[in-house]
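These notes are about the structure you will find just below.
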Amino acid sequence: MLKYTIKRIFLALLTLWIIITITFCLMHAIPGDPFSKEKQIAPEIMANLEAKYGLDKPLSQQYLIYMKNLLHGDFGTSYKYANRSVNSLIKSGFPISLEVGAVACVFGIAVGLVFGVISGVNRGRLPDYLVIILSILCVSVPAFVFASLFQYAFAAKLRWFPVAGWKGPAYMVLPCLALGLRLIAHVARMMRTSMLDVLGQDYIRTARAKGVAPVKIIFGHALKNSLIPVITYFGPMLAYIVTGSLVVEQIFA
């Protein structure tokens, strides 16, 4: 077990290093620079800017400095916001992202599990078809589209919730709902497939033959084993929340 854990940690670190290196190379391969996008800058000023941010050094030296700073948790200085570090920008915005993401995860998992169980138990019936249609819709439409629609319908027209901002629980409803719909779809589909597989096992048929109540079969036997594939989805789910919430947060300011 210890050997397997060490191996997985090593592979994770290796993968992270490869991604960081590829990202670094791609960013330097893009034509242009971060300072001359909007207007021309005098060569003397450009030279000073490059010296300030270390862009005048050889690429190999920049890479070593970049990796050293990463190991110390230093993400450098922002090119967009003057005299502000990337760490301070993350620190100011991450708590909100974490709060929105956590609420969206809880909402998506809870509703997705319920829908998945309903769909699996009612295979081939109307509730099953409704859950399948809802899942396809939520997976096909991006979160930022739902965010814009919710903002227009529930905030601008019906005025049930605030349009934008961050001043209380009411401001969390629409962004969390927009982020949670895709999670509902994925969790519901996985839970449905897993539930159908478990309900077809021999021990479930034995329980039915003994006269065990259907509710006890579902919640006492099938549900626990059906959760195993859903648990493996937690990692990609967190990645989606962290990356997807950035766009939704911009929409709701």
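When Gly124 is tested against (1) touching an Asp or Glu at 6+ places or on another chain (Cβ under 9 Å); (2) among the small types (Gly, Ala, Ser); (3) not in a helix (DSSP H, G or I), exactly one condition is not met: (1). Selection of region 133-149 for residues being assigned to a helix (DSSP H, G or I) and either open to solvent by 30 Å² or more (accessible area, probe 1.4 Å) or of a type in the set (D, E, K, R) (or both) yields Ile133, Leu134, Ile136, Leu137, Val139, Ser140, Phe144, Val145, Ser148, Leu149. If the condition is being open to solvent by 60 Å² or more (accessible area, probe 1.4 Å) and of a type in the set (Gly, Ala, Ser), then region 84-109 contributes only Ser92.
Each row is one residue, and each column tells you yes or no for (1) surrounded by 20 or more Cβ atoms within 10 Å (Cβ to Cβ); (2) closer than 21 Å to Gly124 by Cα.
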site	(1), (2)
Ser194	yes, yes
Gln201	no, yes
Ala207	no, no
Leu223	no, yes
Ser226	yes, yes
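Look at Leu183 and say whether it is open to solvent by less than 50 Å² (accessible area, probe 1.4 Å), within 27 Å of Leu130 (Cα to Cα) and over 15 Å from the mean Cα position of the chain (by Cα).
Working: open to solvent by less than 50 Å² (accessible area, probe 1.4 Å): yes; within 27 Å of Leu130 (Cα to Cα): yes; over 15 Å from the mean Cα position of the chain (by Cα): no.
Against the criterion (open to solvent by less than 50 Å² (accessible area, probe 1.4 Å), within 27 Å of Leu130 (Cα to Cα) and over 15 Å from the mean Cα position of the chain (by Cα)), Leu183 does not qualify.
When Gln61 is tested against (1) open to solvent by less than 70 Å² (accessible area, probe 1.4 Å); (2) out of contact with any Ser or Thr (no Cβ under 9 Å at 6 or more places or on another chain), only condition (1) is not met. Between Thr232, Thr206, the distinction of being closer than 30 Å to Ile90 by Cα, at pLDDT 75 or above and of a type in the set (S, T, N, Q) belongs to Thr232 only. Residues that are open to solvent by 40 Å² or more (accessible area, probe 1.4 Å), part of a helix (DSSP H, G or I) and of a type outside the set (A, V, I, L, M) within region 228-253 comprise Pro229, Phe234, Gly235, Pro236, Tyr240, Thr243, Glu249, Gln250, listed in sequence order. Without any contact (Cβ under 8 Å) to a residue 40 or more places away in the chain and outside any helix (DSSP H, G or I): does that describe Trp160? Considered against the rule, which asks whether it is without any contact (Cβ under 8 Å) to a residue 40 or more places away in the chain and outside any helix (DSSP H, G or I), Trp160 comes out as yes.
The values are calculated or read from the model by the stated rules, or taken from the named source; none is laboratory data. Since the structure is predicted, the reported quantities are computational estimates derived from the model, not experimental observations. Heads up, the Cβs are rebuilt from the backbone with ideal geometry, glycines too, and the neighbour counts pull from every protein chain shown. In case anyone asks, the SASA skips ligands and DNA or RNA and just uses the protein heavy atoms, side chains included. Shrake-Rupley method; radii C 1.70, N 1.55, O 1.52, S 1.80 Å.
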